[in-house]
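S.K.: One structure, as structure tokens, below. Some questions next.
Please treat every number below as a calculation from the coordinates, not as lab data. Everything quoted here is computed from the prediction, not taken from an experiment. Methodologically, a virtual Cβ is constructed for each residue, glycine included, from the backbone with ideal geometry; neighbour enumeration extends over all protein chains shown.
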Amino acid sequence: MALRSIDPATGATLERLEALGDQALEERLGAADAAAADWGAMPIDARTDLLTRVAEQLRSRAPELARLITREMGKLIREAEAEVEKCALVCDYYAEHAATFLADETIASDAARSAALYQPLGPVLAVMPWNFPFWQVFRCAAPALAAGNPLLLKHASNVPRCALTIEQLWRDAGAPSGVFQTLLIDAARTESLIGDPRIRAVSLTGSEAAGRRIAGAAGAHLKKAVLELGGSDAFVVLADADLDEAAATAVRSRFMNAGQSCIAAKRFIVAEAVAEDFTERVVAAAKSLTPGNPLDSATTLAPLARADLRETVHGQVQRSLGQGARCLIGGTPLERPGWYYAPTVLDRVSPGMAAYDDEVFGPAAAIIRVADEAEALRHANASRYGLGGAVWTRDRDRGEAFARRMACGSAFVNGLVKSDPRLPFGGIKDSGYGRELGRPGIREFVNLKTLWVG
């Protein structure tokens, strides 16, 4: 089977790469298993030194890597450049803090000495998506490798060159054989791979459907899994919000990466008292977005990553219109080469509509009008997803109180929902379970062992 790398801005095939055969896959699994004992026993300073060298590789090769990201999955070049730098930052963060996060913790008991130890599990399978093809790999890999676990990357099939380049970065930085490897295999082989006894844990960032399959496979083999799945994040605008700032952030959040982000603002829940003013600002900003070559710094709207993704978004928009939503701008694919979709704003969205109930993974915003703060909270939490959310108000105490009641993994007050190496990241409900990043992220894939000495 061949994997194809396709330029989303033109639809042209960039290259074809052969998937791994059974023998090659077996060799890579064997290499990871063989590396596990030595890598896990290595002094943590040696493991974190590798992260520092990888960060140096990322920064020294940033223009080349950013261009690869843009060519293979279509995001704007400046967004790709920021993604590469964020990967370097997460390596820096765990290089600095891993030793502290994994240090033995002495605990008083009836023993002469008792403690909690954080020890590696062994090879971790990382099943990663295409929308942030470097960042979502590195936010898993940096803590997993710092903790002493080899990592096997099963990347999305439409970004094979990114996957191979990431593997080469670790090799060029001096990673020992078997410590970081890419597996070019199709999704159908992933679930059976989880059953291999050499795989000790699984990390998935992907769709809700993929999460159910991976969780089922991991559960059947009693293996630890961390799932970061889809989201339909609420962006709540209360009547006392700074509308200029809120609208500018709303447009940035919704249309960045052509709307292809799990933590993008997707449901704009707006107090009726300011709904018209907020909506006018959002529509005006959306109208100013310029589609074009994502390698051109003047372009402000990127294509979607694949043709089928554009079809899915268009279907959701059209169903919502048929269910009573109003289209204020956009609502159609753009007639040009590549997989572009017009920036879209839907008003009068309500429960039961596709734009309300489902995750819309593209450049389409849904505005939901509410009478007051209590109704805003009900709508914010009336989703099967629970990844992130934001609330906008000039009263920060009011905002924090609202954020604490939001049913999600990350709640932001007057800010753009984002992942940060310093803070735990993950969701609840159908957005998954477990956490990446921060102190909790490095402790997900360890054996928390109790030591008791009489």
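S.K.: Can you compute the label reach from GLU375? Point 7 Å from Cα along the Cβ direction, backbone N cut-off under 14 Å, restricted to the stretch 392-418.
M.R.: Flagged as within label range: none.
S.K.: Give the residue from GLN318, GLY338, ALA366 lying farthest towards the positive end of the charge dipole for the chain; charges sit on Cβ (+1 for Lys and Arg, -1 for Asp and Glu) and the dipole is referred to the Cα centre.
M.R.: Ranked along the dipole, the leading option is GLN318.
S.K.: Holding the Cα-Cα limit at 29 Å, pick out from LYS266/LYS287; LYS223/LYS429; LYS224/LYS418; LYS154/LYS287; LYS86/LYS224; LYS418/LYS449 the pairs that are longer than that. List each step's numbers first, then the result.
M.R.: Details: LYS266/LYS287 18 Å; LYS223/LYS429 20 Å; LYS224/LYS418 25 Å; LYS154/LYS287 38 Å; LYS86/LYS224 27 Å; LYS418/LYS449 32 Å.
With Cα atoms farther than 29 Å apart: LYS154/LYS287; LYS418/LYS449.
S.K.: Among the DSSP beta bridges whose two residues both lie in the stretch 49-192, what percent are antiparallel, rounded to the nearest 5?
M.R.: Details: 2 of 9 bridges.
Counting only bridges with both partners in the stretch 49-192, antiparallel ones make up about 20 percent.
S.K.: Continuing with the same structure: Starting from the stretch 130-194, pick out the trypsin sites (Lys or Arg not before Pro) whose DSSP state is loop and whose Cβ has at most 15 other Cβ atoms within 10 Å. Before the final figure, lay out each step's value.
M.R.: Details: sites: ARG139, LYS154, ARG161, ARG171, ARG189; in loops: none.
Those that pass, being in a loop and sparsely packed, number zero.
S.K.: What is the spin-label model distance, in nm, from GLU27 to GLU280 if the labels are put 7 Å beyond Cα along the C-beta direction?
M.R.: Roughly 6.6 nm, to one decimal.
S.K.: For ILE6, list long-range residues whose amide hydrogen, built 1.01 Å from N in the peptide plane, is under 5 Å from its own amide hydrogen.
M.R.: LEU14
S.K.: With θ set to phi - 60°, apply the Karplus curve 6.51 cos²θ - 1.76 cosθ + 1.60 along the stretch 339-346 and write out the HN-Hα couplings as whole Hz, x wherever there is a Gly or Pro.
M.R.: Once θ is set to phi - 60°, the couplings for the stretch 339-346 become 10, 8, 10, 4, x, 10, 10, 9 Hz.
S.K.: Between the stretch 136-157 and the stretch 319-337, how far is it from one alpha carbon centroid to the other, in angstrom?
M.R.: For the stretch 136-157 versus the stretch 319-337, the Cα centre distance is 38 Å.
S.K.: Also, I was wondering about something else. Could you state the number of Å between the C-alpha centres of the stretch 428-442 and the stretch 379-414?
M.R.: Going from one Cα centre to the other spans 18 Å.
S.K.: Please give the FRET efficiency for LEU222 paired with ALA273, using the beta carbon to beta carbon distance and R0 = 45 Å, rounded to the nearest 0.05.
M.R.: Numbers: r = 53 Å, r/R0 = 1.18.
Result of the calculation: an efficiency of 0.25.
S.K.: Considering only the chain, what is the antiparallel percent among its DSSP beta bridges, to the nearest 5?
M.R.: Working: 24 of 62 bridges.
Once the DSSP bridges in the chain are tallied, antiparallel ones form about 40 percent.
S.K.: Specify which residue in the list SER261, SER288, HIS97 is farthest towards the positive end of the charge dipole of the chain, using unit charges on the beta carbon of Lys, Arg (+1) and Asp, Glu (-1), about the Cα centre.
M.R.: In the chain, that residue is SER261.
S.K.: To the nearest 10 degrees, how steeply does helix 160-172 sit against the main Cα axis of the chain, on a 0 to 90 scale?
M.R.: 40 degrees
S.K.: Same structure, new question: Sort ASP33, ASP420, ASP296 so that the residue with the fewest other Cβ atoms within 10 Å of its own Cβ comes first and the one with the most comes last.
M.R.: Lowest to highest Cβ neighbour count: ASP296, ASP420, ASP33.
S.K.: Okay, next question. Does anyone have the angle between helix 135-146 and the longest principal axis of the chain? Alpha-carbon axes, 0 to 90°, nearest 10?
M.R.: On a 0 to 90 degree scale, this one is about 30.
S.K.: Let's see if you can work this out: charge +1 on each Lys and Arg Cβ, -1 on each Asp and Glu Cβ, no other charges. What is the dipole magnitude of the stretch 233-420 about its Cα centre, in debye to the nearest 20? Numbers along the way, then the final one.
M.R.: Numbers: 21 positive and 24 negative charges, 88 e Å.
Once rounded to the nearest 20, the dipole reads 420 debye.
S.K.: What ³J(HN,Hα) values, in whole Hz, does the Karplus curve 6.51 cos²θ - 1.76 cosθ + 1.60 give for the stretch 440-454 when θ = phi - 60°, with x put for Gly and Pro?
M.R.: Result, rounded to whole Hz: x, x, 7, 8, 5, 10, 9, 8, 7, 9, 8, 10, 10, 10, x.
S.K.: How charged is the neighbourhood of THR106? Take every other residue with its Cβ under 15 Å from the Cβ of THR106, and add Lys/Arg as +1 and Asp/Glu as -1.
M.R.: Working: positive: ARG113, LYS449; negative: ASP104, GLU105, ASP110.
Surrounding charge for THR106 is -1.
S.K.: Pull up all non-local amide H partners of ILE329: gap of 5 or more, or a different chain, and H-to-H distance under 5 Å with H placed in the peptide plane.
M.R.: Amide H neighbours of ILE329: VAL345.
S.K.: While we're looking at this one, here's another question. Show that you can apply the helix-only estimate: for the chain, add -39,500 (n - 2.57) for every DSSP H stretch of four or more residues, divide by all residues, and state [θ] at 222 nm to the nearest 500.
M.R.: Working: 15 runs with 189 residues, N = 454.
The helix contribution divided over the chain gives -13000 deg cm²/dmol.
S.K.: Moving to a separate point now. Averaging sequence separations of C-alpha pairs under 8 Å and six or more residues apart, then dividing by the length of the stretch 1-137, give the relative contact order as a whole percent. Don't skip to the answer; put the middle values down first.
M.R.: On the way: 138 pairs, mean separation 31.8, N = 137.
Over the stretch 1-137, the number comes to 23 percent.
S.K.: Here's another thing I want to ask about it. Would you mind checking which residues have amide H under 5 Å from GLY230's amide H? H placed 1.01 Å from N; only 5 or more apart, or other chain.
M.R.: Those lying under 5 Å, H to H, from GLY230 are GLU208.
S.K.: In addition: If r is the Cβ-Cβ distance from ALA46 to THR100 and R0 is 22 Å, what FRET efficiency results, to the nearest 0.05?
M.R.: On the way: r = 16 Å, r/R0 = 0.74.
After rounding to 0.05, the efficiency reads 0.85.
S.K.: To continue, here is another question. Residue by residue, what Karplus-based ³J(HN,Hα) values in Hz, rounded to whole numbers, does the stretch 18-27 have, using 6.51, -1.76 and 1.60 with θ = phi - 60° and x for Gly and Pro?
M.R.: In residue order, the calculated couplings are 7, 5, 5, x, 4, 5, 5, 5, 4, 5 Hz.
S.K.: Pull out the extension gain between ASN447 and SER192, defined as 0.36 nm times the separation in residues minus the alpha carbon to alpha carbon distance; nm, one decimal. Don't jump to the answer; show the numbers that get you there.
M.R.: Working: separation 255, 0.36 × 255 = 91.80 nm, distance 2.39 nm.
Answer, rounded to one decimal: 89.4 nm.
S.K.: Once you keep just the Cα pairs under 8 angstrom separated by 6 or more residues, what percentage relative contact order results for the stretch 334-454?
M.R.: Working: 162 pairs, mean separation 19.5, N = 121.
Relative contact order, the stretch 334-454: 16 percent.
S.K.: Hey, what angle do you get for helix 243-255 against the long axis of the chain, alpha-carbon based, 0 to 90 degrees rounded to 10?
M.R.: 60 degrees
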